[in-house]
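Enquirer: Sharing a structure, written as structure tokens. Questions coming.
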Amino acid sequence: MFSLFKTVYEKLHTVVAQKIASLFGRASIDQATLDELERLLIVADVGTTMTKNIIKRLQKNVEAGTIVSGTDLHAELAHIVRESLQALPYTPIQNGVIVLIGVNGSGKTSSAAKLAYRYKKMGKKVLLVAADTFRAAAVEQLATWAERIDVDIVRGNEKQDPAAVVFVGCEQFRSGNYDVIIVDTAGRLQNKVNLMSELAKVRRVIDKQINTVKTPADNNNNIPIHTLLTVDSMLGQNSFEQAKIFGEAAPLDGIILTKMDGSAKGGMILAIGSELSVPIAYVSFGEQIEMIKEFDIDEFVNGLLGE
Ligand SMILES: Nc1nc2c(ncn2[C@@H]2O[C@H](COP(=O)(O)OP(=O)(O)OP(=O)(O)O)[C@@H](O)[C@H]2O)c(=O)[nH]1
Ligand SMILES: [Mg+2]
């Protein structure tokens, strides 16, 4: 299992990280080094806002004499990166609702299956809801996963109102003693306005069914509902606009950064934190069912900047 996880930041480390790490070997740090670092951070998709903040802080340290060598630069950069990620922690739910949203092809359906498998392995009773009724194939895709991992599923029919499918899912969740319900949604519709209003409606149904309509068994505890946005890490900066638009349809609790196995640009992780103020919840790093894990700050910092 560990060898699977080892690959998460492997590509990242071989490409951008090596160039950044070469700066840490320098005996002294001058403006030219900081300019070079700035360029590398932009290439790594750290984003202009975050990159500027980082460089400004490093400059101050250089002027104050607290960064002299490449080793000092490494330590301070790692400190800044860690600090910015720690400001946005994510705590996975133990029981409750996960709604996956995101642009088409970003990995919603795969992530729904992976999370279902993960929770099942933790001993949880999981219900999947195939609410991407825009395409029949989408429902089939999730149903195939559900069968393979032996998890219950509520399936919609093609072109059925997704909110109606979610309604049935919520009823089954409450009556069937489930711990976790994971909802897969559509990533495309005829137009963006329709998609966003559909997602907002799905969210309203869940809010109402889960936390307003109660059965005695619910014990009147508030059940957490997390909306997680899947972001394809290979798309780099393009993902931002999409993430902002999706964030308007439903409050985002976390990001699942997908396809990290193919991405050499892990800087996205920092840009998302600083520009969208949404924590990274999980990283997905391959097509196999186990290939998702909780985002680990230290592992990421070591992947990007070396130990
Ligand atoms: N290599 C790799 N491929 C992935 C990963 N996550 C998803 N994929 C692949 O990306 C493609 C799209 O994934 P889906 O889960 O179907 O994406 P989706 O968001 O549900 O797409 P739509 O239903 O079309 O909106 C599939 O071929 C997946 O196998 C990952 O972490 N790594
Ligand atoms: Mg899908």
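Taken together, the values in this text are just the output of simple stated rules run on the coordinates, not laboratory data. If you're wondering where the values come from, they're calculated on a predicted model, not measured in any experiment. Positions of Cβ are backbone-derived with ideal geometry, glycine not excepted, and every protein chain shown enters the neighbour counts.
Enquirer: Among the aspartates and glutamates, which fall within straight-line cross-link reach of Lys56, defined as a Cα-Cα distance under 20 Å, with same-chain neighbours fewer than 8 residues apart omitted?
Expert: By straight Cα distance, Lys56 reaches Asp30, Asp35, Glu36, Glu38, Asp45, Asp72, Glu76, Glu83, Glu275.
Enquirer: What value in Å³ per residue do you get for the convex hull of the alpha-carbon atoms in the chain? Don't skip to the answer; put the middle values down first.
Expert: Working: hull volume 38.1 nm³, N = 307.
Cα-based convex hull of the chain, divided per residue, equals 124 Å³.
Enquirer: Using +1 at the C-beta of Lys and Arg and -1 at the C-beta of Asp and Glu, which of Phe134, Gly102, Ser277 has the Cα lying farthest in the positive direction of the dipole of the chain?
Expert: It is Phe134, whose Cα lies furthest towards the positive end.
Enquirer: If the viscosity is 0.890 mPa s and the temperature 25 °C, what translational diffusion coefficient in µm²/s does Stokes-Einstein give for region 96-252 when Rh comes from Kirkwood over Cα pairs?
Expert: Numbers: Rh = 15.6 Å.
This corresponds to a translational diffusion coefficient of 158 µm²/s.
Enquirer: Let me ask you something else. Does anyone have the angle between helix 162-175 and the longest principal axis of the chain? Alpha-carbon axes, 0 to 90°, nearest 10?
Expert: With rounding to tens, the tilt is 80 degrees.
Enquirer: Still on this structure: Taking R0 as 35 Å, what FRET efficiency do you get between Ile55 and Val193 from their Cβ-Cβ distance, rounded to the nearest 0.05? Before the final figure, lay out each step's value.
Expert: Details: r = 39 Å, r/R0 = 1.11.
About 0.35, to the nearest 0.05.
Enquirer: While we're on this one: Count the lysine pairs in region 107-189 whose Cα atoms lie under 21 Å apart, taking only pairs 8 or more positions apart in sequence or on different chains.
Expert: 7
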